[in-house]
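Structure, as structure tokens:
Only the coordinates and a few stated rules stand behind these numbers; no lab work does. Note that this is a predicted model, so its numbers are computed, not measured. Glycine gets a Cβ as well: all are built from the backbone with ideal geometry, and neighbour counts include every protein chain shown.
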Amino acid sequence: MYPIEINGLSVSYDRKRVLTNIFLNVERGNVYGVIGPNGAGKSTLFKAVLGLLDVNSGTIKVNGGDVENQRKKLAYVPQRDDVDWSFPATVLDIVMMGRFPHKKLFSSMSSNDKAIAQKALADLGIEHLKNRQIGQLSGGQQQRVFIARALCQEAEIFLLDEPFVGVDITTEEKIIFILKKLAAEGKTLLVVHHDLSTVSEYFDKVILINQRLIAAGDTETTFNQTNITATYSAQLSILQKTGLIE
């Protein structure tokens, strides 16, 4: 049984096809890079897995079942642009939200919940920020808050949509270290990523997508010039200038 099984997935927005006939099995204990140009359907793929949008056709199974029965085990870190940073919530408030899937309606947070949240804050190095309003933080700190929320949820599958946008290289390295540590513990992580120069260093496996699945597999064998060219066919001149393909 795979953590995520996708069979024949197709999704459209406003009658425009965004994803076409995707077949994909995601293996446990790996950090996946989800690679493709803007508009390729990467965020749509995540939202489909999360059950946040209707699909035209195909099926998605999470741990062999329906996503509605697996929500506790799925953690999502959205793009920064999808977050209202003016919302009057502290860092600790946001991180504690990771415990909501484990609580009954109107039940209060236990000492164990609070301890889990404190550990997540410490793991991300932001415990000293716990009483700050999220809009007062730097981009890198904000990203760490939402990753801490995902850790607090104690999920098995993590979907991170461009977690390195707006962070410095030191923070980026800290985040990827944490993600690799989670994978070593048997967690499954999918990360939308745009910097092709770090793909080979960061990810165990890659999913190359441009409205359809171009390739998926071990980074060492799958992230090659042929598949990159097929994925970024409309942006070849840019990639050639950067030296990422010949």
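Computed from label points 7 Å out along Cα-Cβ, the spacing between T90 and Q136 is 1.0 nm.
Dipole orientation for the chain: of the candidates V26, I228, Q133, Q133 has the Cα lying most toward the positive pole (charges on Cβ; Lys, Arg +1; Asp, Glu -1).
Are there GluC sites (Glu not before Pro) in the range 129-203 that DSSP puts in a loop and that have at most 13 other Cβ atoms within 10 Å, and which ones?
On the way: sites: E154, E156, E172, E173, E185, E201; in loops: E154, E156, E185.
Here the GluC sites (Glu not before Pro) that fit, given the DSSP loop and packing criteria, are E185.
Give the order of E27, E68, E162 when sorted by the count of other beta carbons within 10 angstrom, beginning with the fewest. Display every interim value, and only then the final one.
Working: E27 14, E68 8, E162 19.
Lowest count first: E68, E27, E162.
Do any trypsin sites (Lys or Arg not before Pro) in the range 42-131 lie in a loop, going by DSSP, with at most 16 other beta-carbon atoms within 10 Å of their beta carbon, and if so which? Don't jump to the answer; show the numbers that get you there.
On the way: sites: K42, K47, K61, R71, K72, K73, R80, R99, K103, K104, K114, K119, K130; in loops: K103, K104, K130.
Within the range 42-131, the qualifying trypsin sites (Lys or Arg not before Pro) (loop, at most 16 other Cβ atoms within 10 Å) are K103, K104.
Legend: residue pairs K47/K130; K104/K181; K73/K104; K16/K42, Cα-Cα distance threshold 23 Å; pairs beyond threshold, K47/K130; K104/K181.
Quick one: net charge around S10, please, counting Lys, Arg +1 and Asp, Glu -1 for every other residue with C-beta under 15 Å from its C-beta.
On the way: positive: R15, K16, R17, K47, R212; negative: D14, D54.
Neighbour charge sum, excluding S10 itself: +3.
Could you give the longest part of the chain that holds none of the chymotrypsin sites (Phe, Trp or Tyr not before Pro) found in DSSP loops with at most 16 neighbouring Cβ atoms within 10 Å? With a cap of 16 other Cβ atoms within 10 Å, the longest stretch comes to 107-246. Which one, N7, V55, S200, is farthest towards the positive end of the dipole of the chain when Lys and Arg carry +1 and Asp and Glu -1 on their Cβ? Among N7, V55, S200, the one farthest towards the positive end of the dipole of the chain is V55. Counting only DSSP beta bridges whose two residues both lie in the chain, roughly 55 percent are antiparallel.
Footprinting exposure proxy ranking of H193, H102, fewest other C-beta atoms within 10 angstrom first, gives H102, H193. For the chain, take the longest principal axis of its alpha carbons; what is the angle in degrees between that and the long axis of helix 169-184, to the nearest 10 within 0 to 90? Tilt relative to the chain: about 90 degrees. The range 16-90 to the range 91-116: how many Å between their Cα centroids? Computed from Cα coordinates, the inter-centre distance equals 23 Å. Here the range 1-146 is treated with +1 on each Lys and Arg Cβ and -1 on each Asp and Glu Cβ, and its dipole about the Cα centre works out to around 180 debye. Put a plus charge on the Cβ of each Lys and Arg, a minus charge on the Cβ of each Asp and Glu, and nothing anywhere else: the dipole of the chain about its Cα centre is then about 600 debye.
Relative to the longest principal axis of the Cα atoms of the chain, the long axis of helix 111-123 lies at roughly 50 degrees. Ordered by the number of other Cβ atoms lying within 10 Å of each residue's own Cβ, fewest first, L45, L179, L74 fall into the sequence L179, L74, L45.
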